[in-house]
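Reviewing the structure listed below.
What follows is calculated from the coordinates using simple rules that are stated; it is not laboratory data. None of these values were measured; they are calculated from a predicted model. So basically every Cβ, Gly included, is an ideal-geometry build from the backbone, and we count neighbours across all protein chains shown.
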Amino acid sequence: MRRLIGLSYSPWSLKARWALDHHRVPYRWREYLPMLGEPLLQARLRRRRVTVPVLIDEAGVHDDSFDIARRAEAVGQGAPLFPDELADAISRWNQISEDVCAAGRALTTARVMDDPAALAESVPVPRSLQRPLRGVATAGARFLTRKYDLRTVREDAALETIGLALEAAREALADGRAYLEGPLTYADLALAVSLQFVRPVADTYVRLGPASRRCWTRDALAAAYPDVLAWRDQVFARHWDR
Ligand SMILES: N[C@@H](CCC(=O)N[C@@H](CS)C(=O)NCC(=O)O)C(=O)O
């Protein structure tokens with residue numbers, strides 16, 4: 001049986017999951033624990049640098065969300081998310097989504113480190129144990145800061161990157177278009193999940209505690225781009241099926 005290892009609230013994992021679900025590819029989900037789960041994943045993949053999502057199937061290991069989505073398309077059913085004629089456009093949108101996610105991760109991790117309630121929420125244990133284990137969350141946030149070199153990301157540059165993506169989306173969706181490139185493609189899924197770093201989608205789709213939600217939200221950008229966020233909500237409402 002295929003296995004998908006990921007972080008349930010992480011946009012990269014959401015991209016992989018959404019593509020697999022869209023193509024009705026069955027898999028077993030394994031929740032990953034940042035920092036603490038790394039040695040086990042390194043041993044399993046026999047390499048030092050590991051990130052999630054990771055899909056393990058009969059063809060081997062697929063360790064990048066874009067590759068997992070392509071794999072889902074190759075083995076699954078349903079309407080294509082990567083029509084040949086849109087390949088370049090989809091790669092461009094995926095890069096935009098990656099840029100938003102990288103910028104958003106830096107901004108959000110810094111906010112979480114300064115927010116005791118968000119730190120407590122990020123420990124995946126029953127609520128009564130979260131506060132005493134906040135130290136683990138602090139260590140986890142420091143670990144991610146080091147691993148992804150987050151201190152080198154300047155706040156104004158990160159906000160600008162996200163703003164440019166929102167502007168590009170607004171332009172592509174002008175005239176009330178439902179999707180970025182005509183039909184629904186991977187571009188829509190990738191951009192929609194990256195907007196978790198602007199204002200997370202409703203809890204019914206992706207569960208996040210109230211303090212975490214605050215840290216993931218960029219108020220000024222969310223206020224400036226309600227149209228793009230409304231589009232994102234529509235894409236989830238129509239196509240997120242699990
Ligand atoms: N290019 C990779 C990036 C994945 C990535 O950055 N994953 C992060 C966010 S989920 C991660 O593994 N974080 C946990 C960790 O590094 O321990 C992809 O698209 O799959």
If the elastic network links every pair of Cα atoms under 10 Å, which of PRO200, PRO26, PRO80 fluctuates the most in the Gaussian network model of the chain? PRO26
Which value at 222 nm does the chain reach when only helices count, each DSSP H run of 4 or more adding -39,500 (n - 2.57), with the total divided by all residues and rounded to the nearest 500 deg cm²/dmol? -17000 deg cm²/dmol
Whole-percent tail of the Cα-Cα distance distribution for the range 84-239, cut at 28 Å, equals 25
Placing +1 on each Lys and Arg Cβ and -1 on each Asp and Glu Cβ in the range 111-242, then taking the dipole about the Cα centre, the residue among ALA178, LEU229, LEU208 whose Cα reaches farthest towards the positive end is LEU208
For the range 3-75, the fraction of alpha-carbon pairs in successive 10 Å shells from zero, as %: 21, 58, 20, 1
What ranking of SER194, SER97, SER8 emerges when the number of other C-beta atoms within 10 Å of each C-beta is taken as an exposure proxy, fewest first? SER8, SER97, SER194
